[in-house]
Amino acid sequence: KVNISNYYNSNNKYFIICNQFWRHKNHLLVLKVFEKYIERGGVNNLILTGDIDYVKDHNYIKKIKVLLKKKIFIDRVFYTGNIKKKYQIELLKNSIALIQPSSFEGGPGAGAINEAIALNLPIIASNIIVNKEIKYKKINFFNTRQELLNSFFLIESQKKSKIDHFKQSCY
């Protein structure tokens, strides 16, 4: 097993985004909605992988960096940087869901979607035309901020009910 403790060392479950920090990858949208998720009692964390210094839009990166410094995100949002694939896969494997929030893509979902499907993980993906080509039972599409927020809580409740069901069956 690959040791991910250098990148994530918390007992909380987490969502993950495995994208570079380009405007069309929509990190800003997810962070704004994740803030609402925390405010409304959401218990899971968020991990962001990718190179924040591989910049195509300096103003966009500034906005992300300002958001990441907000007090509400301390110990809730974790940024790993650009990491080796084996660590990214291990983080993905241990996540409760992949988030793929892109506003456009050349192909369905980008590489992380295929990895999440191979790992049988839930996926929360933007409702763009190319993503709708993805045929997978565990994908939740969102079009609005509210739908994204609802997806966070849906995944959280599904994971909690599976844990509760497991605990009940052990007694």
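Remark: the chain carries a charge dipole of roughly 200 debye about the Cα centre, counting +1 on each Lys and Arg Cβ and -1 on each Asp and Glu Cβ.
In terms of distances greater than 29 angstrom between alpha carbons, the cross-link table entries 65/132; 62/137; 25/93; 65/137 yield 65/132; 62/137; 65/137.
Place a +1 charge on the Cβ of each Lys and Arg in the range 55-107 and a -1 charge on the Cβ of each Asp and Glu, then give the dipole magnitude about the Cα centre in debye, rounded to the nearest 20. Write down the numbers at each step before the final one.
Details: 12 positive and 4 negative charges, 55 e Å.
The dipole magnitude comes to about 260 debye.
Note on the range 19-138: dipole from Cβ charges, positive end direction compared against 95, 118, 33; the farthest Cα belongs to 33.
Take the Cα of residue 59, step 7 Å toward its Cβ, do the same at residue 133, and the gap between the two points is 3.2 nm.
Surface calculation, 1.4 Å probe, protein heavy atoms: residue 38 sits at approximately 30 Å² accessible.
If you count the DSSP beta bridges with both ends in the range 40-158, what percent of them are antiparallel, to the nearest 5?
Values: 0 of 11 bridges.
Roughly 0 percent of the DSSP beta bridges within the range 40-158 come out antiparallel.
Whole-Hz Karplus values for the range 70-86 come out as 4, 4, 4, 8, 4, 6, 10, 10, 10, 10, 8, x, 7, 10, 4, 4, 4 Hz, taken residue by residue from phi with 6.51 cos²θ - 1.76 cosθ + 1.60 and θ = phi - 60°; glycine and proline positions read x.
Geometric descriptor of the range 1-78, per residue, is 96 Å³ (volume of the convex hull of the Cα atoms). Straight-line reach from residue 36: taking Cα to Cα under 15 Å and skipping same-chain neighbours fewer than 8 places apart, the aspartates and glutamates in range are 147, 156. Of the two radii for the chain, the radius of gyration is 0.95 times the Kirkwood radius, both from the alpha carbons; that is the Rg over Rh value.
The values are calculated or read from the model by the stated rules, or taken from the named source; none is laboratory data. Bear in mind that the values here come from a model prediction, so they are computed numbers and not experimental data. Every residue, glycine as well, gets a Cβ built from its backbone with ideal geometry; the counts of neighbours run over all protein chains shown. Surface areas here come from the heavy atoms of the whole protein model, side chains and all, with no ligands, DNA or RNA. Shrake-Rupley method; radii C 1.70, N 1.55, O 1.52, S 1.80 Å.
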